[in-house]
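Nothing in this text is a laboratory measurement; each read-out follows from the coordinates by a stated rule. Treat the numbers as computed from the prediction; the structure is a model and nothing was measured. So basically every Cβ, Gly included, is an ideal-geometry build from the backbone, and we count neighbours across all protein chains shown.
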Amino acid sequence: MHLEEFLLHSTGIVLAVAAALWALRLIRLTGKTKAWLFMAAGLVLLAASSFGQLLVHRGVTVGLFTHLALIDAVPVFAYALLLAGVVFSGAIFRERKAGLELLEEQLQRLRLAPPEVEMGMTASERATRHALIKAGRNGVSILTALEYLKHEERRIARMLQEWQATFDAITIPVFVYDRTYRLIRANRAYLERAGMTAKDIVGKSYFEIFPKLGSPIIDLSQNPEKNTPNSEIRLATGEIFLSKNYPIYSENNEYRYTLHTLQEVTLVKQAEKSIRRIRLALKVVAGCTHEMLRAGDETQMLQTVCRVVVNSGLYRVAWIGNAEHDKNKSLRLLAFHGPSQDAGQLPNSTWANTEDSRSPIGEAINTGKTCVVPDLVHDPKFRNCQRYAVKNHLASAVGLPLYQGAGVWGGLVLYSDEPFAFSDEEIDVLEILSASISFGITALHSTPGDKPVLLPMVHKHDETRANLEKIIVALETVIEARHPYPSPHQRLVGDIGMAIALEMGLPDEQAYGIRLAGLLHDIGEIKVPEEILRKTGGLTEDEREQLQRHTQEGYEILRELDLPWPLAQTALQHHERMDGSGYPNGLTGEKILLEAKIIAVADTIEAVSHQRQSHPRLGIPAALAEVEKGKGTLFDPAVVEAALRLFREKGYQVP
C-alpha cells in the first residue's frame, strides 16, 4: 500500500469522525436532531468505510471487514444518510437569515444595555457578552452565538427563580393580573391568605379568590394608565387592608398587566382610633373640669358634665345617679343627657344586684370599681338593659363609681353606639373624670366650717391626693397632645422645678406644689390655635400675641381651684423676668412669685436642652449656660445657683 493512500484513508477517517462529533454538538445546541443525526451517522459510516478499505489494502481481514461486498456497500449507505441530513437541514438554512436578524437585535440590545445587566453573571458569561459586543454580527460564529443564548436561557431561568424568591419574601399579599382581572402570578403571602396553590389560582378572577369582594377594587377599563391612590377595604371578618395597584407597560407603552398589593392595617387603624378616642376623652375631662369649676351648685355641675360628655360626640348617652339607701336600693336620677332627652325610659332605676335589675351603674356602685360592658346587647348578665340599648342604638357601656369622702355616693354611666368601644387607656381617662366629679361633690357637700379642714386633707390623704394628681395629669396630657415636642415638656418642667425647690431648702409641700405648677404652667395653650403651637417658622406679631396670651388664659382656668398652692399665679407669672422684660405684666424682682421664678428657670432648662422647632437638641450643658448668662437680669440669682449646683455638682439627671 502506498503512503499516499494510507494518508488519504487516515485523513478521511479523522475528518469523518471530527465532522460527526461536530454534528452531534450541533444537535445539542440547535435541537435539530434529525438533520444532524443523519449527517453524524453518514459521516461515521464514511469513516468506517475508509477504515475497512485501509485494512483491505493492508491485507488485514477482521470481522465484518472480511466481506468486500459490505465494504463496498457502506459508502452507499453513508451517502444516503448524508443526503437525508442535507434534506432535513434545509430548515436550518431557511432559518439562518431570521436567526442572524435576531442575533443582530440581540447584539444591539447588548450594546445599549446598562452595566447593571451584568449583575449576577458568571465570569465566563460576562466574557462571552463582551466578545459578542466587540465582534458584532459578522465576527460572531453561529456556535458562539448559540452558546451565549444557551447561557442567557439558563441565566434567565435563574433570575426568574430569584425573582420569585424575592416575590415570596414580601410579607404582604402581592398579586399580578391582566386586563380582565385574571390572576397571572401571586406571592406566598397571597396564596396563604387565599388558602390555595399557585396552580389553583392562575386564570381566575382575583376578587373571587382573595379578597372575595365580588367585584374589582379598581376598574382598569376606566383608568388603565394611572396608579390609583391608596384605598381602604374592609372585609367581613373585620380586617382592614390598604390597597394599591401598579400598572406595568411594555417598551412600546402598551399595557401588559397590573401588580397589586394589599397591606393589612387592622391593628394600626384600631390603634389610631383608640388614640383619637383617648385624646378626645382627655379633652372631655379637661372641658368637664373647667366647666365644673364655674358651676354654682351640684345640679348644675352634674348636668354640665353629662352635656359636655355627650356633646363631644364620643358617647351617646350619659347620666349620673345618687344611690339611695332605702329598701329597694333606689337610684335617684340627678343629671342626664342624650339624643332623646327622655330620661324616664332609663332602665337603671335601682342599684340592686339582682338578675332582673343588674346594670353597669349598679355594678359600679356595689363593687366600688369601674364596670365595663363591651357588648351590651348580647351580654346575658345585663338583660335588664338590652331593650333600652336596642331601642337607642347603644352597643357598649361603662359604669363608674362616684365617691363622697370614703364612701360610694352614686355613679356615672356612659353609653357608646360602638361595641367594644372602651380601651383600657380610655377607661383610665374616664376614671380621672369620675375622680374629678367625686372631688367636686365632696367640695360642694362640705360646710363652710369644714373647708379649712378639707384643704389640708387634700395633701394628707393619699387617695384624695392621687385623685387630684390624676386630674392635673389629665390636663397636662391634653396640653402635650397639642405640641410637636418629642419630650413631655410639662412633666419635665415640673420634675426639674421640684428638684430645684428642694435644693433651695423649700418645704416638701411647697416643692410638691411647684411640681404641680410645672405640670400646668402652659395650660392656657389650650386656647391657642394648634397651628401656631406647631409652626416651624417665625411667628407674626399677631401670632406672637396669641401665644403670649396663654399665661392669662392659664390663670383664668386655674384661679377657681381652691387649693393650697398658687398654681394660677405661677401660670400667670412664669414668663416674667427679673429686669421687667417678661410678660404679661412686666413684673420685676421681688414682685414675681418665687414659684414662678423657679418654673421660669426649669422651663428654660427643659426647652433649651430638648429639641424644638427652632433648634435641635442642645443638651443640659447648653441649657445651664443659658440660665447662667441670664442670672440677675432674667432669672433670680438664688434659683440659678441652686440649678447649677443641682446639675453640675450633684449630678442631677432629668427623669
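Which net charge results for the neighbourhood of Glu576, defined as the other residues with beta-carbon distances under 9 angstrom from its beta-carbon, given Lys and Arg at +1 and Asp and Glu at -1? Working shown, then result.
Details: positive: Arg577, Lys591, Lys597; negative: none.
Counting the neighbours of Glu576, the net charge comes to +3.
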TODO: Under 11 Å from the Cβ of Arg316, count the other residues' Cβ atoms, weight Lys and Arg +1, Asp and Glu -1, and hand me the total.
DONE: -2
Open item on the list: Can you compute the modelled spin-label distance between Tyr583 and Ile532, with each label point 7 Å from Cα toward Cβ, in nm?
Closed with: 0.8 nm
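Would you mind getting me the FRET efficiency between Glu649 and Lys591? Use the beta-carbon distance for r and R0 = 30 Å, nearest 0.05. Walk me through the numbers before you get to the answer.
Working: r = 31 Å, r/R0 = 1.02.
So, using R0 = 30 Å, E works out to roughly 0.45.
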- [ ] Arrange the peptides 391-398, 176-183, 434-441 so that the one whose residues have, on average, the most other Cβ atoms within 10 Å appears first.
- [x] 434-441, 391-398, 176-183
Task: Residues Arg559 and Glu192, FRET efficiency given R0 of 51 Å [Cβ-Cβ distance, rounded to 0.05] - done: 0.25
Open item on the list: At 0.36 nm per residue, and after removing the present C-alpha to C-alpha distance, how many nm does the segment from Ala622 to Asn311 gain when stretched out fully?
Closed with: 107.3 nm
TODO: Would you mind calculating the gained length between Asp326 and Lys381 on full extension (0.36 nm times residue separation, minus the Cα-Cα distance), in nm to one decimal?
DONE: 17.4 nm
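Below 9 angstrom from the Cβ of Ile278, what's the summed charge of the other residues (Lys, Arg +1; Asp, Glu -1)? The partial results should precede the final answer.
Numbers: positive: Arg276, Arg277, Arg279; negative: Glu425, Glu426, Asp428.
Local charge sum for Ile278: 0.
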